[in-house]
1. For the condition of a type in the set (Gly, Ala, Ser), open to solvent by 20 Å² or more (accessible area, probe 1.4 Å) and not in a helix (DSSP H, G or I), what is the one hit in Ala110, Ala122, Ala114?
2. Out of the residues in region 79-97 that are more than 16 Å from ligand 2 (Cβ to nearest atom) and not in a loop (DSSP other than H, G, I, E, B), which is farthest from Gly129 (Cα to Cα)?
3. All but one of (1) surrounded by fewer than 15 Cβ atoms within 10 Å (Cβ to Cβ); (2) in contact (Cβ under 8 Å) with a residue 60 or more places away in the chain hold for Ser205; state the number of the condition that does not hold.
4. Going through Ala122, Ala163 one at a time, which residue ends up being over 29 Å from Ala107 (Cα atoms) and at pLDDT below 95?
5. Hey, can you tell me all the residues within region 53-72 that are touching a Gly at 6+ places or on another chain (Cβ under 8 Å), within 22 Å of Tyr32 (Cα to Cα) and not β-branched (Val, Ile, Thr)?
6. Are any of the residues in region 192-202 under 30 Å from Ile223 (Cβ atoms), exposed (fewer than 13 other Cβ atoms within 10 Å of the Cβ), free of Cβ contacts under 8 Å to residues at least 40 places away in the same chain and more than 16 Å from ligand 2 (Cβ to nearest atom)?
7. Tell me whether region 172-191 contains one or more residues that are outside any loop (DSSP other than H, G, I, E, B), free of Cβ contacts under 8 Å to residues at least 12 places away in the same chain and within 14 Å of ligand 2 (Cβ to nearest atom).
8. So which of Ala107, Ala26 ends up being small (Gly, Ala, Ser) and over 24 Å from Phe145 (Cβ atoms)?
Amino acid sequence: VISGIQVAIDGPASAGKSTVAKLVAAKYGYVYLDTGAMYRAITWAAMDAKVALDDEAAVMVVVEKTPIHFAPGTPDQLVFAGDQDVTRVIREETVTNNVSTVAALPAVRAALTAQMQTIAAAGGIVMDGRDIGTTVLPNAQVKIFLEASVAERAQRRFKENQAKGIDVSLATLEQEIAARDYKDSHRATSPLTQATDAELVDTTSLTIEEVVNKIADAIDKYINLQA
Ligand code: CDP
Ligand code: CDP
């Protein structure tokens, strides 16, 4: 019997990756790792240090000085950059709109990828991001690529913002999401792309529960084949 596989969930912004990854991890008693939060934490730290975000050497100094930690928290796990709790600030628009610039730096990707691989080595993990199935965990036993239309994804972010009292128009959100998708898909180093062996799930008209069930089916199928 297999006790802890690696589950890779990739896809564009607001496809539902983190929402369903958390639920899948809870269902199997696995660890959940939000790799986007790691890129966000480094982006925040680089902005805090007033470093030019496209200056690879300068951002790498920040990476080396800024260990990233996760700690249990409700409703969401806490994210620390060094000893600073950045859980909230890394979700702000300024970080969101700059993270793709930092995430395009090859040395930064190499450093964070190594950290992710160390965390995932023991298995029993669900990781979400952009290049988990292609680059970070190419041997993950289950790989899922979540999609949804830009309009639906902007609508989801709009609702999240409303709940938090953040006022950004739907049109602006559509533009921001499309711009980030473009940057993430066109960078030279491990761009956002579906792994050839990943299962594509279009979530545009699916509920969260339906998406979770599809992923659970893929995990159960793998586990039953091994049994
Ligand atoms: O939650 P959302 O989909 O908006 O983004 P996220 O998962 O928090 O990721 C934020 C950004 O980090 C993405 O737009 C990518 O630029 C970068 N990222 C990446 O390059 N590779 C990953 N494995 C995860 C995130
Ligand atoms: O992590 P990622 O940026 O891919 O997406 P997320 O942060 O999980 O946000 C997706 C948003 O869409 C959340 O507000 C979910 O409640 C909602 N949603 C979803 O995740 N999946 C669906 N099938 C429908 C709605």
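The values are calculated or read from the model by the stated rules, or taken from the named source; none is laboratory data. Nothing here was measured: the structure is a model prediction, and the numbers come from that model. Reconstructed Cβ throughout: ideal geometry from the backbone, glycine too, with neighbour counts over all protein chains shown. Just the protein is used for accessible areas: all its heavy atoms, side chains included, with ligands, DNA and RNA removed. Shrake-Rupley method; radii C 1.70, N 1.55, O 1.52, S 1.80 Å.
1. Criteria check complete, one pass: Ala122.
2. Here the residue is Gln84.
3. So Ser205 meets the others, but not (2).
4. Just one listed residue meets the conditions, Ala163.
5. Residues of region 53-72 that are touching a Gly at 6+ places or on another chain (Cβ under 8 Å), as a first pass: 65-67.
Pick out the ones that are also within 22 Å of Tyr32 (Cα to Cα) and you get 66-67.
Within region 53-72, just Pro67 meets the criteria.
6. yes
7. Checked region 172-191: no residue is outside any loop (DSSP other than H, G, I, E, B), free of Cβ contacts under 8 Å to residues at least 12 places away in the same chain and within 14 Å of ligand 2 (Cβ to nearest atom).
8. Matching residue, one of Ala107, Ala26: Ala107.
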